[in-house]
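Each value in this text was obtained by applying a stated rule to the coordinates, not by laboratory testing. Keep in mind the model is a prediction, meaning the values are calculated, not measured. With ideal geometry, Cβ positions are generated from the backbone for all residues, glycine too; neighbour counts draw on all protein chains shown.
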Amino acid sequence: MRRRCSTVPPDPPSGPLVACRHDNNGKDPGERASCGVMLESNFLGGAQDYRTRPLVYGRSVTDACLAWEQTLLVLAQLADAVRSRRKRQFQN
């Protein structure tokens, strides 16, 4: 189902969204028809047990997350890959 808002293009891609940090999402991270990615990030990587005290500020108490520095690297690599692919597409 498409939702319309100011940030969604009129004809958004129809491929699946790949949730990179969910083991139970049932998606193939190698799927070539993906329209986007979702990265779960926090200040600190990993997860912690919510019952352990003291809790560490910036670390997830649910799913394990990427550390912010890792997220920046992943997004930079993704941006480079998208630029490279678009350049190849327009050259052909």
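Descriptive notes on the structure:
- Taking other residues whose beta carbon is less than 14 angstrom from the beta carbon of ASN92, and scoring Lys, Arg as +1 and Asp, Glu as -1, yields +4.
- Net charge contributed by nearby residues that have their C-beta within less than 12 Å of ALA79 (K/R +1, D/E -1): +2
- Under Karplus coefficients 6.51, -1.76 and 1.60, residue-wise ³J(HN,Hα) of the stretch 46-61 in Hz, glycine/proline x: x, 9, 9, 6, 4, 7, 7, 10, x, 6, 8, 4, x, 10, 4, 10
- Ranked by how many other beta carbons lie within 10 Å on average, peptides 36-48, 53-65 from highest: 36-48, 53-65
- Summarising the amide proton neighbourhood of ALA47: residues at separation of 5 or more, or on other chains, whose placed amide H is nearer than 5 Å comprise CYS65.
- In this label model, LEU75 and LEU39 are separated by 0.7 nm, measuring between points 7 Å along each Cα→Cβ vector.
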